[in-house]
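Engineer: Next up is a structure, given as structure tokens.
The values are calculated or read from the model by the stated rules, or taken from the named source; none is laboratory data. Every value quoted in this text rests on a predicted model; they were computed, and no experiment measured them. Quick reminder, even Gly has a Cβ in these numbers, built from the backbone with ideal geometry, and neighbours come from all protein chains shown. Only protein heavy atoms, including side chains, enter the accessible area calculation; ligands, DNA and RNA are left aside. Shrake-Rupley method; radii C 1.70, N 1.55, O 1.52, S 1.80 Å.
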Amino acid sequence: MGPELVPQIREIVTALENDDRVKVVVFESAVEGFFLNHSDFLANFDDLTSIPQGPTRLEAWPDVLVRLTRAPFVSIALIRGRATGNGSELALACDMSFASREKALFSQFEVGVGVVAGGGPMARLPRVMGRGRALEVLLSADDIRGADAEFLGYVNRALPDTELDAFVDALASRIASFDKWAIANTKPLVNEAILPPDVEIRAGWDACMASLRRAAAQERVKALLEQGLQKAWRLGKSTRILRGTAGPQGRALRSERPISSERNHTTMDLLTIAKQIADRAEAESIKHKVPVAVTVIDIHGNVVLTHRMTGAPAFSLELAERKAYTAALVGMRTADLVPLVQPGAALYPLLAVSGGRYSAMGGGGPLTSEGQVFAGVGISGGTTEQDIAIVEAAMG
């Protein structure tokens, strides 16, 4: 998210504020694997800070978030994929948020790069989950999955991905069927009881801007960029906001408005590739006379395919998923990680983060195309040597 996106979101919020017909708005991303990601570290931050303050007299991004929270309509965040930094802040500013249990990932990662978050999470998180849990989210700078987000109070509910759209549609339609006066007069009374004052939001923004100019933070960001942060994956990127308004009979209507609509069409069918890998893995496992589980996960941490052969240990599915997740997100064979996660080695903390999702057991490998990792494969069920041999054969 950079200087080009903020004015576009501000324009939409302004239009919605001035439309008396709008009762409910649903924010959703059209980019697979992402709700909304962090700030663009390659952008000129002077371009962002030079955007005029909004009606709240806050800077552009916090102004949009505060206005959204106080708007006379209901805002709902429907989250599948990553809600990192700005995405988390947008979800927190919405009146309600509902996440995919399997595909949503939340993070306020800023402390991890030596900066302070700028969109108000220090003011909002303690009010929704308490001080201790807020500090856990902010200071761990770690990924939080949908089910854990629900437990912490980060979101209203985490629902099975197959049920998420229908649930949000039904809720939005129900609210949109009610009288807007009642909606618009109930919301500010709740806001009065719980919302942080603007001075707290402003303090966070000022601390964020000051932290970005620190040499230590710039060195950390530079190191992350060199390791592939914000690399332009050819699977493409785009973001849409879906707007829900009340129709003549109160029915929720939806229309799409593109934001930063640069697109690259996917040149591969990942599910087809995953099925071919599963077939090859099964054929190879028969040669080794050992039933296994196979999992394919994309670079955003989403499961594309998982399959356990008859007779494979029950735990093999979980281990295969961890291996695939590690290979996809780290971009290495899991067997090659063993020396790197030993005490004192470069990646020693890896196995302790993300709730133990990473693995250094052999049997995981990255899938690449034109030098870019686009997914990971994990095999489990045999010995380490058998799992490695099967995954190598499966990936071709």
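Engineer: Does Ala182 qualify as being out of contact with any strand residue (DSSP E or B) (no Cβ under 7 Å at 6 or more places or on another chain), at pLDDT 95 or above, part of a helix (DSSP H, G or I) and over 20 Å from Asp46 (Cβ atoms)?
Structural biologist: Working: out of contact with any strand residue (DSSP E or B) (no Cβ under 7 Å at 6 or more places or on another chain): yes; at pLDDT 95 or above: yes; part of a helix (DSSP H, G or I): yes; over 20 Å from Asp46 (Cβ atoms): yes.
Criteria met by Ala182.
Engineer: Same structure, new question: Which one is modelled with the lowest pLDDT among residues in region 46-61 that are surrounded by 16 or more Cβ atoms within 10 Å (Cβ to Cβ) and in a helix (DSSP H, G or I)?
Structural biologist: So the residue we want is Leu48.
Engineer: Just need a number here: residues in region 11-59 that are closer than 26 Å to Gly81 by Cβ and out of contact with any Pro (no Cβ under 7 Å at 6 or more places or on another chain). Break it down into steps so the answer makes sense when it comes.
Structural biologist: The initial filter retains those residues of region 11-59 that are closer than 26 Å to Gly81 by Cβ, namely 11-13, 15-16, 22, 24-43, 45, 48.
Right, trim to out of contact with any Pro (no Cβ under 7 Å at 6 or more places or on another chain) and you get 11-13, 15-16, 22, 24-42, 45.
Of the residues in that region, 26 qualify.
Engineer: Given the criteria farther than 30 Å from Arg220 by Cα and under 16 Å from the mean Cα position of the chain (by Cα), does Phe98 qualify? Spell out how you get there, then give the answer.
Structural biologist: Details: farther than 30 Å from Arg220 by Cα: yes; under 16 Å from the mean Cα position of the chain (by Cα): yes.
Yes; evaluated as a whole, the condition is true for this residue.
Engineer: Quick check on this structure: which one of Glu321, Glu284 is more than 28 Å from the chain's Cα centre (by Cα) and in a helix (DSSP H, G or I)? First the steps, then the outcome.
Structural biologist: On the way: Glu321 fails: more than 28 Å from the chain's Cα centre (by Cα).
Going through Glu321, Glu284 in turn, the sole match is Glu284.
Engineer: Could you give every pair whose Cβ atoms fall below 8 Å, whose first residue belongs to region 67-80 and is over 16 Å from Arg124 (Cβ atoms) and modelled with pLDDT under 95, and whose second residue is assigned to a strand (DSSP E or B) and polar (S, T, N, Q), counting only separations of at least 6 or pairs across chains?
Structural biologist: Correct list of pairs: Arg80/Ser100.
Engineer: Counting only residues that are assigned to a loop (DSSP other than H, G, I, E, B) and open to solvent by 60 Å² or more (accessible area, probe 1.4 Å), how many does region 145-163 have?
Structural biologist: Residues of region 145-163 assigned to a loop (DSSP other than H, G, I, E, B): 153-156, 160.
Now restrict to residues that are open to solvent by 60 Å² or more (accessible area, probe 1.4 Å): 156.
Going through region 145-163 one residue at a time, the tally reaches 1.
Engineer: If Met332 meets every condition in (1) of a type outside the set (Val, Ile, Thr); (2) assigned to a helix (DSSP H, G or I); (3) in contact with a Pro (Cβ under 7 Å, 6 or more places away or on another chain) apart from one, which number is that one?
Structural biologist: The single condition Met332 does not satisfy is (2).
Engineer: Related question: Cβ-Cβ distance below 7 Å, separation of 6 or more or different chains: which pairs start in region 308-331 with a residue that is without any contact (Cβ under 8 Å) to a residue 24 or more places away in the chain and end on one that is assigned to a loop (DSSP other than H, G, I, E, B)?
Structural biologist: Thr310/Pro291; Gly311/Pro291
Engineer: Can you name every residue in region 70-82 that is closer than 14 Å to Ala184 by Cβ and open to solvent by 10 Å² or more (accessible area, probe 1.4 Å)? Steps first, please.
Structural biologist: Our first condition is that a residue be closer than 14 Å to Ala184 by Cβ; within region 70-82, this holds for 70-75.
Result: Arg70, Pro72, Val74.
Engineer: Kindly indicate whether Ala293 is in contact with a His (Cβ under 9 Å, 6 or more places away or on another chain) and under 25 Å from Ser369 (Cβ atoms). Steps first, answer last, please.
Structural biologist: On the way: in contact with a His (Cβ under 9 Å, 6 or more places away or on another chain): yes; under 25 Å from Ser369 (Cβ atoms): yes.
Taking the combined requirement at face value, the residue satisfies it.
Engineer: Which ones in region 335-357 are assigned to a helix (DSSP H, G or I) and of a type in the set (S, T, N, Q)? Don't jump to the end; show me each part of the working.
Structural biologist: Step one: of region 335-357, the residues assigned to a helix (DSSP H, G or I) are 335-341, 348-352, 354-356.
Residue satisfying the conditions is Ser354 alone.
Engineer: A follow-up question, please. Quick one: would you say Leu36 is surrounded by 18 or more Cβ atoms within 10 Å (Cβ to Cβ) and of a type outside the set (Lys, Arg)?
Structural biologist: Numbers: surrounded by 18 or more Cβ atoms within 10 Å (Cβ to Cβ): yes; of a type outside the set (Lys, Arg): yes.
When the stated conditions are applied, Leu36 passes them.
Engineer: Moving to a separate point now. Within region 10-32, work out how many residues are open to solvent by 10 Å² or more (accessible area, probe 1.4 Å) and within 29 Å of Ala141 (Cα to Cα).
Structural biologist: Initially, region 10-32 is screened for residues open to solvent by 10 Å² or more (accessible area, probe 1.4 Å), giving 10-11, 14-15, 17-21, 23, 28-32.
This time we only want the ones that are within 29 Å of Ala141 (Cα to Cα), so: 10, 28-32.
Summing the residues that are open to solvent by 10 Å² or more (accessible area, probe 1.4 Å) and within 29 Å of Ala141 (Cα to Cα) in region 10-32 gives 6.
Engineer: In region 358-388, which residues are touching a helix residue (DSSP H, G or I) at 6+ places or on another chain (Cβ under 9 Å), outside any loop (DSSP other than H, G, I, E, B), of a type outside the set (Val, Ile, Thr) and under 15 Å from Ala327 (Cβ atoms)?
Structural biologist: Result: Gly364, Gly365, Pro366, Leu367, Phe374, Ala375, Gly376, Gly378, Ser380, Asp387.
Engineer: Filter region 291-317 for residues that are surrounded by fewer than 18 Cβ atoms within 10 Å (Cβ to Cβ) and outside any strand (DSSP E or B) and give the result.
Structural biologist: Pro291, Met309, Thr310, Gly311, Pro313, Ala314, Phe315
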